[in-house]
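Following: one structure in structure tokens, then a few remarks.
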């Protein structure tokens, strides 16, 4: 167990009633169940899983992803890559288009024996990677980002630059494959939309790989994934690996598009009631956007969940109670549809389920860990404290 | 100088071209100018200034607030209170309604000789504070929060509970005064609205103080403030101190309501161009919401500034270029009104001016410091690195 600085003795019996609020909590039972679910799917689809660790950014959460030796992972920053390399992970994809200025840190990881795979979507970047490889006398593995749905970066499979970038990389022995991310699947509304997004993601990646192969270029990795499409894909023929990150925790956005149930949400924030405004129908807490983030992902969904849904300290939802507003260190709770405000005296602790786990987790140094299968009459016991990797 | 872990030797000449992006930058010249402006106003209005350190959360920024001995400050967390106490600050107002669970940390600060003033808005909390004071054999100074505009917490000046809470506090020698915050002034649209918000904030605080005094209760502190009202107030008769926090940095929300100019914004985030999508009119950078926060405060203003305005590395605005979308580690830039996309090759560094300085600053461990009065042909030199206080 490693408790944060403010903690009292690790030997003291500690529960969710103990640390000062607000703080982030992870239910390890739900994390295990979420991991098992996608792992089973990937096995059935016949692809390797390369979890994205950008959501939890925690070596402790990552340890639940694999029984023994570290698995392949995806990262969103070089700080994550370095921390996971320190933790024994040797197969890491850095899934953000490479900034040439960061190549020295990439090379340092390669020299440590870590297969650090980079991403790019232009001939210009391919030249930087090829040149850095030649100068260093080693090959920086690079994947070409493919745009499957106009989400942000990537080349379309029919872009002339795809083959051009592939040739530049191959000449320096850097070409590893292609990677795509169906980011627009976060805005899917039906199971059919999700299924189609997954099919499109797979088809686009495979088309790009085929195009490179037709040009005589070797493609080893064909990587696809997002939490929604990973749970909706039915056929991943031609794909070598599946990526997903959010699924370890899930959140209200994922529940809103039907990828998980509310009872699968593994991350929450414990807050305390610090005031009442009966004239407005508000309960005021000490958990504002600093604890929850400013993410309002569900605002574009059929059911807007405000800044989050409210549960009691055991994780049981309090019907109709929603966090409706946030300032830096204040949260406002109110009921939907004029439902009666529950009686929650000053000092009552509650848990808030977030819109977007990646954003909420980022507001905290780490997670107090509980296990919802260990039921108690008193507040849930804290099993551990898991630190997050921060910065870039 | 104290440079972060990733930094190369502090002796090496370092500029904004050096650290890996994204990272936060503060222009110390603008900070000084912003501080001087409000300081002059407070002097003219005849009130003490008690700056809120929740925006910068930095002892280095706070040091610019006062020439010699530490000044009175306002904090939003006990972590800030403790860090500022460690830094020699002895007069601190913790301006979030007190959670009784946190009173042991408040008492510990009082025992260190720090005048830690608490805030509350109910008789229930007053009882907790009075009881904790009696048990500890010392008085926890407490202010009663007054609601001047329905923003979140506080009692109306005519609420019966105001005098009740005052009596409970006074009986334990805890009553320090009243405090209000015109939080709704962030949504003001004209200079006249701001002036009225400032007048209302002052009038409400003074009315509450008068009501307590009429009930025979001593009121020492009458505290008002927010960055918009602090810059609009014309008469603060009866007020003893003025609070404001955001003004040290300012941001696009403040510029949008006319409290500052774009050229007063002291905080920005340096990002790097990592891709181009000419078919969509996008430039892709490595600065997403992890670096900028999810705050979209200008979305409700006359001019929506997306996730931020773009400048070159020297801080010169690039006309019509706006950060229009953000994912975790990707930012999308586009031009307004179909303006021509500037030619910004892969690797170009830019600075993004944020919607909300408090939220953007919170995404970073600290600030690289530049001084815009030291002009250079190359990238601006980094003078120092200032760490932030984090957590609760």
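The values are calculated or read from the model by the stated rules, or taken from the named source; none is laboratory data. Every value quoted in this text rests on a predicted model; they were computed, and no experiment measured them. Cβ: placed from backbone, ideal geometry, glycine included. Neighbour counts: every protein chain shown.
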Answer yes if at least one residue in region A:33-52 is closer than 22 Å to residue B:287 by Cβ and in contact with a helix residue (DSSP H, G or I) (Cβ under 6 Å, 6 or more places away or on another chain), and no otherwise.
-> no
Can residue A:343 be described as out of contact with any helix residue (DSSP H, G or I) (no Cβ under 9 Å at 6 or more places or on another chain), away from every other protein chain (no Cβ under 12 Å) and on the phi > 0 side of the Ramachandran plot?
-> no
With region B:241-321 as the region, which strands (runs of 3 or more DSSP E) entirely inside it contain at least 1 residues that are more than 14 Å from every other protein chain (Cβ to nearest Cβ)?
-> B:267-277, B:308-311
Return a yes/no flag: does region A:58-68 have any residue that is surrounded by 24 or more Cβ atoms within 10 Å (Cβ to Cβ) and either under 25 Å from residue B:285 (Cβ atoms) or outside the structural domain of residue A:106 (by TED's automatic domain parsing) (or both).
-> no
Please give the number of the condition residue B:378 fails out of (1) more than 14 Å from chain A (Cβ to nearest Cβ); (2) without any contact (Cβ under 8 Å) to a residue 60 or more places away in the chain.
-> (2)
Those residues of region A:63-87 which are more than 14 Å from chain B (Cβ to nearest Cβ) and more than 20 Å from residue A:181 (Cβ to Cβ), in sequence order | A:63, A:64, A:66, A:67, A:68, A:69, A:70, A:85, A:87
Out of A:145, A:124, sole residue that is within 10 Å of another protein chain (Cβ to nearest Cβ) and surrounded by fewer than 20 Cβ atoms within 10 Å (Cβ to Cβ) = A:124
Select from region B:349-374 the residues that are out of contact with any helix residue (DSSP H, G or I) (no Cβ under 8 Å at 6 or more places or on another chain) and either touching a residue at least 24 places away in the same chain (Cβ under 8 Å) or within 14 Å of another protein chain (Cβ to nearest Cβ) (or both) and list them in ascending order.
-> B:349, B:350, B:351, B:361, B:365, B:366, B:368
Single match in A:318, A:262 (criterion: in contact with a helix residue (DSSP H, G or I) (Cβ under 6 Å, 6 or more places away or on another chain) and surrounded by fewer than 24 Cβ atoms within 10 Å (Cβ to Cβ)) | A:262
The condition from (1) within 23 Å of the chain's Cα centre (by Cα); (2) surrounded by fewer than 22 Cβ atoms within 10 Å (Cβ to Cβ); (3) within 14 Å of chain A (Cβ to nearest Cβ) that residue B:190 misses is numbered (3)
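Condition first: assigned to a helix (DSSP H, G or I), over 18 Å from the mean Cα position of the chain (by Cα) and within 26 Å of residue B:276 (Cβ to Cβ). Can you find one or more residues in region A:91-101 that meet it? Lay out the reasoning, then the answer.
As a first pass, look at region A:91-101 and keep what is assigned to a helix (DSSP H, G or I): A:100-101.
So of that shortlist, the ones also over 18 Å from the mean Cα position of the chain (by Cα) come out as A:100-101.
The next check asks that each one be within 26 Å of residue B:276 (Cβ to Cβ); those that pass are A:100-101.
Yes: region A:91-101 contains one or more residues that are assigned to a helix (DSSP H, G or I), over 18 Å from the mean Cα position of the chain (by Cα) and within 26 Å of residue B:276 (Cβ to Cβ).
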Select, from A:73, A:140, A:114, the only residue that is crowded, with 17+ Cβ neighbours inside 10 Å, under 30 Å from residue A:193 (Cα atoms), in the same structural domain as residue A:182 (by TED's automatic domain parsing) and in contact with a strand residue (DSSP E or B) (Cβ under 7 Å, 6 or more places away or on another chain).
-> A:73
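For residues in region A:322-339 being assigned to a helix (DSSP H, G or I) and over 30 Å from residue B:325 (Cβ atoms), which is modelled with the highest pLDDT?
We begin by selecting, within region A:322-339, every residue assigned to a helix (DSSP H, G or I); these are A:336-338.
Within this subset, residues satisfying the condition of being over 30 Å from residue B:325 (Cβ atoms) are A:337-338.
Working: A:337: 85, A:338: 82.
If we take residues in region A:322-339 being assigned to a helix (DSSP H, G or I) and over 30 Å from residue B:325 (Cβ atoms), then A:337 is modelled with the highest pLDDT.
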Consider residue A:44 against the criteria (1) loosely packed, with under 15 Cβ neighbours inside 10 Å; (2) modelled with pLDDT under 95; (3) more than 29 Å from residue A:78 (Cα to Cα): it satisfies all of them except one. Which criterion is unmet?
-> (2)
